[in-house]
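Right, one structure below, let's go through it.
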């Protein structure tokens with residue numbers, strides 16, 4: 001004789017009516033399977049401002065290179081800049097940086113281990129140069 005280890009009801013169609021009544025009804029299939037494309041929370045892509053920022057970065061990078069070239073080429077300038085920064089003389093640090101011909105806006109921060117110079121254009125972009133000593 002064949003023994004079934006499922007004691008009474010093997011197939012779901014054989015369950016008694018009272019069990020089928022207590023089960024939740026299946027959800028209807030979704031009407032739209034693909035994700036809608038009009039629910040994007042972001043504004044439409046406009047690259048005009050991005051292009052302006054990229055073009056402005058050229059002049060910012062030239063100013064940063066002017067600073068790094070001067071630091072790399074002049075022992076006296078490097079000494080004066082580092083000495084003023086270690087003494088927390090922000091006015092002298094800014095004056096030294098301006099004296100090499102930096103024409104755009106910049107901010108300086110310094111610690112005992114280095115200096116950070118952030119060059120920026122107000123409306124678009126910026127570049128931060130971190131130099132350790």
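Readers should treat all values here as calculations from the given coordinates under stated rules, not as data from a laboratory. Worth saying up front: this structure is predicted, and the values here are computed from it rather than measured.
The table below lists the values:
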{"read-out": "Relative contact order for segment 57-132, counting Cα pairs under 8 Å that sit 6 or more residues apart, in percent", "value": "30 percent"}
{"read-out": "Cα-based convex hull, segment 35-82, per residue volume (Å³, whole number)", "value": "127 Å³"}
{"read-out": "Estimated translational D of segment 57-132 in µm²/s (Stokes, Kirkwood radius over Cα pairs; 20 °C; 1.002 mPa s)", "value": "172 µm²/s"}
{"read-out": "Contour minus Cα-Cα distance for residue 51 and residue 88 (0.36 nm per residue)", "value": "9.5 nm"}
